[in-house]
Structure formats: C-alpha cells, structure tokens
Number of protein chains: 2
Amino acid sequence: MLKLYHAEPVANSLKALISFKEKALPFESVYVDLHKFEQHDPAFVAINPEGQVPVLIHDGAVITHTSVIAEYLEDAFPDATSLRPSDALGKARMRYWTKFCDEHVMSYVSMHGWHRMITVLARSIDGGEFEKLMERIPLHEQREKWRTARSGFSPADLANATRKIEVAVDKAEKQLAETPWLAGNQYTLADINFFAIGGMSLERLFPEMNVAKRAPRLTEWVARVSARPGVQAAFAMPNRTNPALRTFTGEAR
Amino acid sequence: MLKLYHAEPVANSLKALISFKEKALPFESVYVDLHKFEQHDPAFVAINPEGQVPVLIHDGAVITHTSVIAEYLEDAFPDATSLRPSDALGKARMRYWTKFCDEHVMSYVSMHGWHRMITVLARSIDGGEFEKLMERIPLHEQREKWRTARSGFSPADLANATRKIEVAVDKAEKQLAETPWLAGNQYTLADINFFAIGGMSLERLFPEMNVAKRAPRLTEWVARVSARPGVQAAFAMPNRTNPALRTFTGEAR
C-alpha cells in the first residue's frame, strides 16, 4: 500500500523515514543507490520525472518532495501518531519553520556536504563519463550543482552558505528559548525537518561554529530529537555510504 | 478579529487578498506604503521582524508568509469557501505546486519586476540616503536585493530568471492539459499562488515569450482566474502605485 523509494537515512531520505517510524506506518522500502546514480535511471525517472529521492507511492499515486510527503502522511493517516499540531495557529507555526528550512537552510547545508563529499566523487569520474552522467539528470539545477561540485564551489558561495546556517542556528536557539520545540509545545514536522537536513550534524560539519557554546538550547534539542525511538529507528535503516565519504553525517570531513 | 497589513493588490499582497475575498472573510485592511518604505519602519518591524508585507493578525497572533497565511485561513475558517482540496492526495498536489511557486517562480518574476521598477527607484535615491534606508532593512537578502537593484541585475541572472519562468510556463501548460486547475479538478491556493506571483502578467512582462502561442491553456486559465469575482474584488483594492512604475502588473515596462 505504501512504498518509499529512498537512499541512506541522511538529509531528505532521513526526513521521510523519521515520519514513517514516528507514525509507526508499515511501508515497503525500496533502496535507491545514489552511488550508482540510480535516481537518474530511466526506470526511476519514469516514476519521478525530477530524478530525486525520496518518492512515496500510495495506492498508485506518486508523491514527491519531503515536506509535501510529510503533510500527506498526516492527512492520509489521521489515526497514527500526529506530528502536526491540531490547531490552526500551531499548524501555521510549524509551516513557517518547515518553509524556512526548505528555503533557507537545506540547500546551504547541502552545499557544504557536497563541497566535502561530491567534489571528491565528481572529480574521480573521467570527463567523458561525467558528461554522460550529467545528460541523464533531468533537473537543470541538479546538473548545475554537479558541475559546480566538480569545478569547486566558490569561497564566496561557501561563506554565504555558512552565514545562512549561522542565521538558522541563532534563529532556532532564540525560538528554543521560548518554546521546547521549534513550532511550540509539540514535537512536529518542523523539528524533523530542521534536524534531518542539518541540525543533527552541525557540531561535526561546522566545528568552527562552536554550536555547543553558541546555541546550548539547540544542542540540547539535538540530543532530545536524537534520543526519540522513531528517530533511532530511522537511523537504523541500512546505510551503504562509503564511510570515507560520510561527510554529511559527520563521520568524515 | 482579522487584520491584514498589505500593500497594493500585486504579487504577495494580492495573493493574500484573493484568499480573503474568495472566502468572503471580513478583515481590517491596513495599507503599508512601500513607496515610503513603511515596511521597514520600527513600528512595523516590531510586528514582523522580517520587515515584509503582508502580515496577518488574528486574535493577537502574528502570521507571516503568504503560503502560510493561506493555509492558516483554510484551517481557521473551515466553514468558509474552501480553497484547498478535502482529500489528502489533493492537498499534496496543491502543496507540490505552492512549493514550486514559492521556490522556483516567485523570486525570478520578482527579479524582472525589480529590474524594471526598483532599479529606477533605487537610483533616484541619493547615495547617503540610500545607505540609511538599507540600514533599516532587517533581512540580509532584502538588503542585497536592493543593492543589486541599484547597481543593476546581471544579464546572466536575468537570463537565468527568464529560463526559470519559461520552465514554469511549460510546466503549468503541461499540467493544464491534464487537469482544469493546477492541482486537479478544483481551483485552489496553487492557482492563486501562481496567478498572483506572476502568472497574471506573463504576457505583459515577457512579450518576447509569446505566452499566448507557447501556452494557450495557461492563457485561457489566466482569463478564467481573472474573471472570478473574488479575484476582481482583490484587484479592486486601492492601488497607489505611480502608474509609471507599474511594471509588475504590466502597465509599464
């Protein structure tokens, strides 16, 4: 009934997996091997024309983009554990944060992850082979990201990304001084979003940011989210990443 | 009970106003004069620290960002005319499109609008006065946008924005070949979003795109959305823009 195409329990795939585990929804897991560029295979692009994971299939309907998938699970399974406030204002607070994460955090943490991991990977591929791989990528923005990763992200862009992440860290810290969770008194999709797309690995990805000192409440929040059984269950999903390339989760830098 | 701070019925302010008019929700209208930079006044920034319109106040709670405001009105007034599908899959289809508009259309149409309007305006302000105005803008991104508008958007950035808009036009056209509205069989927040942030003025802003020929279904859809009494009521809200500067709505280029 529910089928999820996903990669390692990291970033957007982790974000989707946490929702499933927190809600205790059974699903068929289909691993998409990003190391083999399976997300650009014609068979996969036939399912998601954007060539990106994760993808949810429910009773034949295809749903993409993790923030959309997450709200879909809330709407489609109202009897499962709720990760969304029941009141209108709580929902608005949650959506303010999920939108902030989607638009002002995700791609900036991702740039640093790619800078450390994908640049190495992209440069290890022979030029002709690399161009063939690029031709298979449906989204213009993803092709550009790969090419930039190969040539190298500019210091100015990396510095701007760091600045964006610092703004997000300070914003979350300020919010957590007022409420126990990002959207208020309840653990919601906002927490899952911020955690999965970078909040969980700030210390390891950006030691120079000194997050423990700069944002003690956020650091405590990371521990609180990490300890949740649903989050642990998501982390326990298979991770086939070459350990030497695990920069995003922080094992390598 | 409901108070909306907004500017002219254009772009994001229009997007919020259409929801109110379609849902026939009475509200107190508070006009924020962008020509006088009232959105950066300390009194306004005390309400919305981001210094941007529109802002909704409902029973004392402050709600910002039009896509969040729009869903809030759906949640808070379930008995008013619905602009959101009632089923989970319909909601997901709607949110796929609202997210696409927010992330891949809005700022690109906006860049062309600013290129034609704000560059003229920003250059008419004396350098010292301009820097004083910049100091009042809370969001880094908005300050950068103003500075770039003054120095001039680069041809490469403008060309990329045009490309993004062409992708959006073709994507909407393809969708409208399958369903009468962007998210399916019902007029939703997705239609309002795409219409308000640029769909309505494609012909006038980008005549070289030849939208009528390139996207006949989208052109018919623009006429259909425009003709709605709720949309007409939103357009009838006061518009104090200097007619010579009405590039975004297309009166001037």
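Candidates A:F77, A:F100: the one that is over 19 Å from the mean Cα position of the chain (by Cα) and among the aromatic types (F, W, Y) is A:F77. In the stretch A:58-87, of all residues being of a type in the set (D, E, K, R) and farther than 13 Å from B:E71 by Cα, the one that is nearest to the other protein chains (Cβ to nearest Cβ) corresponds to A:D75. Taken over the stretch B:82-94, the criterion of being over 21 Å from the mean Cα position of the chain (by Cα) and part of a loop (DSSP other than H, G, I, E, B) is satisfied by B:P85, B:S86, B:D87.
Can you pull out every residue in the stretch B:140-170 that is hydroxyl-bearing (S, T, Y) and surrounded by 14 or more Cβ atoms within 10 Å (Cβ to Cβ)? Let's see the steps before the verdict.
Kept after step one, since they are hydroxyl-bearing (S, T, Y), are these residues of the stretch B:140-170: B:148, B:151, B:154, B:162.
Passing the criteria: B:T148, B:T162.
Does the stretch A:88-111 contain any residue that is more than 14 Å from every other protein chain (Cβ to nearest Cβ), touching a residue at least 40 places away in the same chain (Cβ under 8 Å) and open to solvent by 20 Å² or more (accessible area, probe 1.4 Å)? Yes, because at least one residue in the stretch A:88-111 is more than 14 Å from every other protein chain (Cβ to nearest Cβ), touching a residue at least 40 places away in the same chain (Cβ under 8 Å) and open to solvent by 20 Å² or more (accessible area, probe 1.4 Å). For beta carbons closer than 8 Å, sequence separation of 6+ or different chains, a first residue in the stretch B:119-134 that is free of Cβ contacts under 8 Å to residues at least 60 places away in the same chain and a second that is open to solvent by less than 20 Å² (accessible area, probe 1.4 Å) and of a type in the set (A, V, I, L, M), the qualifying pairs are B:T119/B:A149; B:A122/B:A149; B:F130/B:A122.
The set of residues in the stretch A:68-87 being open to solvent by 20 Å² or more (accessible area, probe 1.4 Å) and either farther than 21 Å from B:A76 by Cβ or out of contact with any Asp or Glu (no Cβ under 9 Å at 6 or more places or on another chain) (or both) consists of A:A76, A:F77, A:P78, A:D79, A:A80, A:T81, A:S86. Cβ-Cβ distances below 9 Å connect the following pairs, each with a first residue in the stretch A:220-238 that is among the aromatic types (F, W, Y), a second residue that is not in a helix (DSSP H, G or I), and a separation of six or more residues or different chains: A:W221/A:P180; A:W221/A:W181; A:W221/A:L182; A:W221/A:A215; A:F235/A:P9. For beta carbons closer than 8 Å, sequence separation of 6+ or different chains, a first residue in the stretch B:174-187 that is more than 10 Å from B:R217 (Cβ to Cβ) and a second that is open to solvent by less than 60 Å² (accessible area, probe 1.4 Å) and part of a loop (DSSP other than H, G, I, E, B), the qualifying pairs are B:W181/B:Y187; B:W181/B:T188; B:L182/B:T188; B:A183/B:P85; B:G184/B:P85; B:N185/B:T179; B:Q186/B:P85; B:Y187/B:L83. When every residue of the stretch A:26-41 is checked against the conditions, none turns out to be surrounded by fewer than 19 Cβ atoms within 10 Å (Cβ to Cβ) and within 14 Å of chain B (Cβ to nearest Cβ).
Which of the helices (runs of 4 or more DSSP H) contained wholly in the stretch A:143-253 include at least 1 residues that are more than 18 Å from the chain's Cα centre (by Cα)?
Those helices (runs of 4 or more DSSP H) span A:155-178, A:211-214, A:216-226, A:229-235.
The values are calculated or read from the model by the stated rules, or taken from the named source; none is laboratory data. For clarity, every value in this text was computed on a predicted model and none was experimentally measured. We place every Cβ from the backbone using ideal geometry, glycine too, and count neighbours over all the protein chains shown. SASA here: full protein model, heavy atoms, side chains in, ligands and nucleic acids out. Shrake-Rupley method; radii C 1.70, N 1.55, O 1.52, S 1.80 Å.
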